[in-house]
1. Report, in degrees rounded to the nearest 10, the 0 to 90 angle that the Cα long axis of helix 101-114 makes with the longest principal axis of the chain.
2. Can you give the longest stretch of the chain with no exposed loop site, where a site means GluC sites (Glu not before Pro) in a DSSP loop (not H, G, I, E or B) with at most 11 other C-beta atoms within 10 Å?
3. Students often get this wrong, so try it: which of [x] 58, 41, 34; [y] 100, 37, 29; [z] 64, 46, 34 is Cα extents along the principal axes in Å as calculated from the structure shown?
4. Cut-off under 19 Å on the C-alpha distance; same-chain residues fewer than 8 positions from LYS179 excluded. Which lysines are left, in chain and number order?
5. I'd like to know which of GLY79, PHE118, GLN206 lies farthest towards the positive end of the charge dipole of the chain, counting +1 on Cβ of Lys and Arg and -1 on Cβ of Asp and Glu.
6. Helix 207-219 versus the longest principal axis of the chain: what is the Cα-based angle in degrees, 0 to 90, to the nearest 10?
7. Once R0 is set to 41 Å, what does the formula 1/(1 + (r/R0)^6) return for the Cβ-Cβ distance between ASP284 and LYS119, expressed as a FRET efficiency to the nearest 0.05?
8. Expected output is a single nm value to one decimal: the length gained when fully extending between LEU151 and LEU234, i.e. 0.36 nm times separation in residues minus the C-alpha distance. What is it?
Amino acid sequence: LITTPAGALPRLGLDLRAIEVPDHAFSILYDGTAHADVETTTPGGFYPARDKRAQSEFEKLTGFAYIPDSHRDQRREVGELGLVAIIYYNHGVELTREKRHPEALLAYFRAMSLDPEFKSAVNNALAVLANWSHDLARAQRFEEAAGVAALGIRLAPEDAALVNNHKAVWSQWADSLMKGGRNDEAIDVLRRAEKAIPGGGFQRMQAWVVIRAGEERIKAGDWQKAAEAAAPALVTRLDPVAQAEVARWAAELPHRWALAETRQGRFAAALDVLDARRKAAPEDRRALDNLAYVV
């Protein structure tokens, strides 16, 4: 019934049309102004609204919830092209499950070309773009992942999943390079990210190239080497915003160092660290306060 709304049944005098609802489609039969739904996937599908058991049977058989006529905002009549669009949409769903993202995307775009009001196809296409970029990033194919995410953003600038994925791809790319010790490349990627997503915080993220090395040395208990991580020769590679972030981290470092020495009962060492800080930065009032605390 659902596949022949303009075929044999109308020639028999039956006014049969197709209805699309989220994730499902069925028929509706008109007799003048009277009408009845026809769920063709179950023997008890004629006018299921009249029989709760028929609805229950349908839901058990298909996994879909029957949407009655009272929920008109979820029901949409479609013509023959709309039915073809649903077929493409169903292909897209299967391809999505198989993670064949380019083919799934093509199927959804075909569905939208035939039926521009097919909201489910739009939503699934955007989900494919988000999932595709995520899978590419997991495979360390960051350049491609960023391109797919950027395409999604062009199509749907306000889509939350795509916006988050776009930022995440650039962050993961830079982080992967830092872990591999390729810091200069990481800085270049973060500069590209800032151009791609202005105001995304990637300039400040450059600071992590320096801070990361320092924090790893702190974990190893080598505070002196940690302080050397913020040497001017290393910091000048960064953009000004990141340089300021590193400066804040470096200013906090002596106080963290002194506290660590104090907790280990090495009070003289803590005093030496704070005294050096007091001489290097007389404006840092915390150095005097912490000296008094250690004493």
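1. Helix 101-114 sits roughly 50 degrees off the main axis of the chain.
2. 159-282
3. So the structure-derived entry is [y].
4. Here the lysines satisfying the reach criterion relative to LYS179 are LYS167, LYS219, LYS225.
5. Result: GLN206.
6. Helix 207-219 sits roughly 60 degrees off the main axis of the chain.
7. About 0.10, to the nearest 0.05.
8. Using 0.36 nm per residue and subtracting the Cα-Cα distance, I get 26.4 nm.
The values are calculated or read from the model by the stated rules, or taken from the named source; none is laboratory data. Being a predicted model, the structure only gives us computed values, none of them experimental. Cβ: placed from backbone, ideal geometry, glycine included. Neighbour counts: every protein chain shown. Ligands, DNA and RNA are excluded from the accessible area calculation, which covers all protein heavy atoms including side chains. Shrake-Rupley method; radii C 1.70, N 1.55, O 1.52, S 1.80 Å.
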